[in-house]
Each structure stands twice: as structure tokens, then as C-alpha cells.
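Structure first, commentary second.
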Amino acid sequence: ALTWSVGNNQIAMVNSLGKITGLSAGTTVITCISSNNIQASVIVTVKPMLAIQVDILPSNLALHINETHQLEVSILPIKTTDKSVTWSSSDPSIASVSQGLITTKAIGQTTIYAITNNNVVGECIVNVTPIEASEISISVSNIEIMVSETHQLSAQIFPNNVTNPTIQWYSSNTS
């Protein structure tokens, strides 16, 4: 009968039939010993499983200025050894990214990248749009004034964080 053993069981394992399974990247020695103590060894190098595909979820995103959004990353194959990525933005003045968290800064479009250590790239296109007014409220709904008299109107825009809070006043009768 043969007895199989492994030098480092964190790197590989071997069963009673000599079948080797890689567990983590590295090198170890597998030894086979016969019942009369004759032995032979083999050096086993277990290579890391490299990423072949990176997907950023979502792959397209529309956000307003001054918003944040946490992206998710999916790396294939599932058993990839090193799933770490480096995040970057093609235009950090429009949107920056740190550990997958996007922070928008200006109107425009940028691409967010997730890059593995073996240079496989995932992309997410981010469109940053202005926050538009959804409502304007004028201080009064009806007012009476005398000829040559003036009255200052005031208005408020909602939501309060619109990108362009400028109010332009118009009259149907400018005479």
C-alpha cells in the first residue's frame, strides 16, 4: 500500500489514491511512501486562478449632481484567487470613485473603471444630469395694487437643491 502526504496542506491536498487538489497559490511537495519505506516526491506548484471578466453593476447609471452611489463588482470565474480591484474615473471632475462609491460633481459623462491586478477591466458609464425644478411657489396668488404702485414678489423653487436656482420673471402685459 502507498501512503501519500503533502508538505503544506494550505497549498494542496492529496487523497489516498494520489489525487492532488490545489487549494491556494504556492509550491509544496507531495510524497509517496511504500509499505517498505521507499519514497518518491514531486514538487507541486499551484497557480492562482486569474480573473477573465469584470462586470460593474450597474453598467450604466444616471445620477444628479452631488449624489453618491455604491457600485458592485462581479469577477469571473467565481473561484478567482485575487478579486481585488482598483477603481478610477475617466473624468474625476464629473464623478470620482473610491472603493466603488461614486460621488458626482458636475454635469457630463464619465466612465468608471474597475481593474484587477491582472489588468482585466470592467466599465460603468455615468451620466450626471442637473437637478431640475419640479415646482415654483410665489409668495401670493393674487394681489391688487394702485396705478404707479409697486410690490415685490418672492418665489421659492422646489426642490431646494436645484442645479440652477435662477428665477426669471415675465409679464403677459409689459406696457
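The values are calculated or read from the model by the stated rules, or taken from the named source; none is laboratory data. Just so we're clear, the structure is a prediction, and the values are computed from it rather than from any experiment. Counting neighbours? That spans all protein chains shown, and the Cβs are built from the backbone with ideal geometry, glycine included. Note: areas computed on protein heavy atoms with side chains; ligands, DNA, RNA excluded. Shrake-Rupley method; radii C 1.70, N 1.55, O 1.52, S 1.80 Å.
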Discussion item. Leaving out ligands and nucleic acids, and using a 1.4 Å probe, what accessible area per residue does the chain come to in Å²?
Written reply: 69 Å²
Worksheet entry | region 69-175: chymotrypsin sites (Phe, Trp or Tyr not before Pro) falling in loop per DSSP and having at most 12 other Cβ within 10 Å | W169, Y170
Discussion item. Show me the GluC sites (Glu not before Pro) within region 133-175 that DSSP assigns to loop and that have at most 16 other Cβ atoms within 10 Å of their Cβ.
Written reply: E144, E149
Worksheet item: What size of dipole, in debye to the nearest 20, comes out for region 53-110 about its Cα centre when the only charges are +1 on Lys and Arg C-beta atoms and -1 on Asp and Glu C-beta atoms?
Response: 80 debye
Fill in: Options [x] 9, 33, 32, 19, 6, 0; [y] 8, 21, 15, 13, 13, 10, 7, 5, 4, 3, 1, 0, 0; [z] 9, 32, 26, 15, 12, 5, 1, 0 - which one matches P(r) over Cα pairs in 10 Å bins from 0, in percent as calculated here
[y]
Practice prompt. Please compute the net charge surrounding I157, taking Lys and Arg as +1 and Asp and Glu as -1 over other residues with Cβ under 11 Å from its Cβ.
Written response: -2
Worksheet, complete the sentence: For region 9-22, in residue order, the Karplus 3J(HN,Hα) values (coefficients 6.51, -1.76, 1.60; θ = phi - 60°; whole Hz; Gly and Pro = x) are 6, 7, 9, 8, 10, 9, 8, 5, 9, x, 7, 9, 10, x
Worksheet item: Quick one: of the DSSP bridges fully inside region 64-166, what percent are antiparallel, nearest 5?
Response: 95 percent
Worksheet, complete the sentence: With +1 at each Lys and Arg Cβ and -1 at each Asp and Glu Cβ, the charge dipole magnitude of region 1-151 around its Cα centre, to the nearest 20 debye, comes out at 1380 debye
Response to the item:
Treating only Lys and Arg (+1) and Asp and Glu (-1) as charged, each at its beta carbon, one finds that region 77-175 has a dipole about its Cα centre, in Debye to the nearest 20, of 520 debye
Practice prompt. Among N36, Y170, G100, pick out the residue whose Cα is farthest towards the positive end of the charge dipole of region 26-175, where Lys and Arg carry +1 and Asp and Glu carry -1 on C-beta, about the Cα centre.
Written response: N36
Worksheet item: From the backbone phi of region 70-79, what are the Karplus-calculated ³J(HN,Hα) couplings (6.51 cos²θ - 1.76 cosθ + 1.60, θ = phi - 60°) in whole Hz, Gly and Pro given as x?
Response: 8, 8, 10, 10, 10, 10, 10, x, 4, 8
Worksheet item: Which is farthest toward the positive dipole end of the chain among L61, N160, L50, measuring Cα position about the Cα centre, with Cβ charges +1 (Lys, Arg) and -1 (Asp, Glu)?
Response: L50
Item to complete: Mind jotting down the distance between the C-alpha centroids of region 80-120 and region 1-58, whole Å?
Response: 36 Å
